[in-house]
Amino acid sequence: MTLENENRIALIQIHLEKAEEAYDDAVYLFETRRSYNGAANRAYYAMFHAEKALLLTCGILGDSHKHVHTQLSKEFVKEGKLSNDTGRKIDYVQKIRNIADYSGQKSATKDDVEMALAEVKSFMEQTRELLSESYEWPDPIETGTWNAETLEAIRDVEEGRAERFESKEALFKNLYRTGSHADILE
């Protein structure tokens, strides 16, 4: 099944949003609730949705967890776009999630979940970087993914007042790479 570019971009954005939400949930559960099992689960799903976003750039939907992990290795690790230890990191996060979700006698530890969160954060940063380098992103006004800060930054670029971005395309690329509207006005 091939995906039209428009649909692909929409699905990538959905999976990035799910990844961000799951990561934020994981951090909250870890720091505020001290729910290490819950944090492990959400951390894994943050990584999983980031993987799916990357695979969508190749037109791969990913129909199971194993398929997603295998295809990520094939399309990104073997091609040198992600480091060779990416698979090990994904396996580690999945192992901690499996302990948290399925072990009847053991729980995820604070140290394990802390390490998993660091791995997920790093992977999500790599994901955003790869997406910003290899994909043409749409105008956030046209897609409805903008806020007042984005609109102000676009006006600054159009009127030549933005020193940080030479074009709207560079601004959009940064917006999707960082996953944030907040830093575009810095």
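Tabulated data for the structure shown
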item: Subset of segment 84-133 that is farther than 14 Å from Arg42 by Cβ and among the basic types (Lys, Arg) - its residue that is surrounded by the most Cβ atoms within 10 Å (Cβ to Cβ); result: Arg128
item: Any hit, segment 143-157, residues being at pLDDT 90 or above and charged (D, E, K, R); result: no
item: Glu20 modelled with pLDDT of 95 or more and either surrounded by fewer than 20 Cβ atoms within 10 Å (Cβ to Cβ) or part of a helix (DSSP H, G or I) (or both); result: no
item: Single residue of Ala39, Ala53 found to be among the small types (Gly, Ala, Ser) and within 23 Å of Ala10 (Cα to Cα); result: Ala53
item: The lone exception for Tyr28 - which of (1) of a type in the set (Ser, Thr, Tyr); (2) in a helix (DSSP H, G or I); (3) under 28 Å from Glu133 (Cβ atoms) it fails; result: (3)
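The values are calculated or read from the model by the stated rules, or taken from the named source; none is laboratory data. The model shown is predicted, which means the values in this text are computed figures rather than measured ones. Using ideal geometry, Cβ is built from the backbone for each residue, glycine included, and neighbour counts are taken over all protein chains shown.
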